[in-house]
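So the structure is just underneath, and the comments pick up after that.
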Amino acid sequence: MKVKVIPVLEDNYMYLVIEEITREAVAVDVAVPKRLLEIVGREGVSLTAVLTTHHHWDHARGNPELARLRPGLAVLGADERIFSLTRRLAHGEELRFGAIHVRCLLTPGHTSGHMSYFLWEDDCPDPPALFSGDALSVAGCGLCLEGSAQQMYQSLAELGTLPPETKVFCGHEHTLSNLEFAQKVEPCNDHVRAKLSWAKKRDEDDVPTVPSTLGEERLYNPFLRVAEEPVRKFTGKAVPAEVLEALYKERARFEQAGEPQQPQARALLALQWGLLSAAPHE
């Protein structure tokens with residue numbers, strides 16, 4: 001299983017997952033279809049399906065054009081609002097693409113129909129992969145827009161049960177700001193400090209910071225560390241869902257306390273946090 005990381009738009013990622021024996025491929029969160037098809041052609045693979053994590057336009061806007069260019073393409077997800085959806089998936093459902101298994105994990109919170117995808121191959125030494133969309137990002141997670149903090153806590157707890165070596169491929173490049181916030185939450189966390197130094201170098205070199213691993217995320221991602229004493233102390237809360245809700249509020253204040261932004265930059269920030277409504281269905 002090979003994963004092609006494809007940066008698009010302002011800070012989004014879409015992905016092409018290739019089964020290297022059959023040369024069958026599956027795309028995740030198609031925002032720029034022509035860019036995707038360029039890579040499909042270059043790799044010489046057969047694109048058979050699209051997995052969409054949620055309905056927001058920056059994750060699903062490319063589906064209609066891609067479906068038009070590739071008739072019969074399966075467009076899969078858990079939310080009927082996803083553009084050009086051909087079949088709605090259920091929590092726990094398993095799919096198969098060549099040797100690649102896909103387990104569909106409903107992870108509501110950012111949206112009510114957010115689906116994350118856990119992929120693995122039998123008898124393969126390579127670690128499994130998680131495509132987490134906006135449910136989980138490197139050192140952070142998406143804003144809880146259509147659910148409660150309790151729902152988001154349960155979603156993150158579900159993802160936390162996956163093997164620690166699982167590679168995490170998220171929907172956005174927000175790593176640097178996420179880690180700066182994580183350092184505010186846990187200023188004495190050496191893992192945060194080291195990862196932030198690493199991320200700054202990646203940013204200077206204009207290189208993606210994905211993937212991370214779930215094991216790493218548990219060391220520096222405050223949204224996965226709600227049971228840890230330093231995070232509870234920072235928020236002044238003890239119940240995990242309340243700690244998570246307090247982290248969201250502090251994260252918003254952290255963003256607002258940054259440098260004054262021009263209207264366009266504020267709009268981009270709103271988009272990053274999912275505050276702009278999705279485009280109407282085509």
Are any residues in region 33-68 among the β-branched types (V, I, T) and outside any helix (DSSP H, G or I), and if so, which ones? V45, T48, V50, T52, T53
Kindly provide the set of residues from region 89-123 that are free of Cβ contacts under 8 Å to residues at least 12 places away in the same chain and open to solvent by 50 Å² or more (accessible area, probe 1.4 Å), ordered by number. E94, R96, D123
Tell me which of these R68 doesn't satisfy, since it passes every other one: (1) within 16 Å of V30 (Cβ to Cβ); (2) surrounded by fewer than 17 Cβ atoms within 10 Å (Cβ to Cβ); (3) touching a residue at least 40 places away in the same chain (Cβ under 8 Å); (4) not β-branched (V, I, T). (3)
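In region 21-34, which residues are buried (at least 16 other Cβ atoms within 10 Å of the Cβ) and not acidic (D, E)?
A25, V26, A27, V28, V30, A31, V32, P33
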Lone qualifier among E146, E173, E186, E165 - being open to solvent by less than 50 Å² (accessible area, probe 1.4 Å) and of a type in the set (D, E): E186
Those residues of region 124-140 which are under 16 Å from T175 (Cα atoms), open to solvent by 10 Å² or more (accessible area, probe 1.4 Å) and out of contact with any strand residue (DSSP E or B) (no Cβ under 6 Å at 6 or more places or on another chain) amount to D134
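Looking at this structure, is R225 in contact with a Leu (Cβ under 9 Å, 6 or more places away or on another chain) and closer than 23 Å to S155 by Cβ?
The answer is yes for R225.
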Check whether at least one residue in region 254-261 is under 20 Å from M152 (Cα atoms), of a type in the set (D, E, K, R) and at pLDDT 50 or above, and report yes or no. no
Is at least one residue of region 240-249 closer than 30 Å to K4 by Cβ and either open to solvent by less than 70 Å² (accessible area, probe 1.4 Å) or of a type in the set (S, T, Y) (or both)? no
For G160: the one exception among (1) at pLDDT 95 or above; (2) open to solvent by less than 40 Å² (accessible area, probe 1.4 Å); (3) more than 22 Å from A252 (Cα to Cα): (1)
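Whether any residue in region 185-200 is touching a strand residue (DSSP E or B) at 6+ places or on another chain (Cβ under 8 Å), within 19 Å of G142 (Cα to Cα) and part of a helix (DSSP H, G or I) is what I want to check.
no
The values are calculated or read from the model by the stated rules, or taken from the named source; none is laboratory data. Quick caveat, the model's predicted, so the values are computed rather than measured. Cβ atoms come from the backbone with ideal geometry, glycine included; neighbour counts cover every protein chain shown. When the accessible area is computed, the model is the full protein with side chains, heavy atoms only, and any ligands, DNA or RNA have been set aside. Shrake-Rupley method; radii C 1.70, N 1.55, O 1.52, S 1.80 Å.
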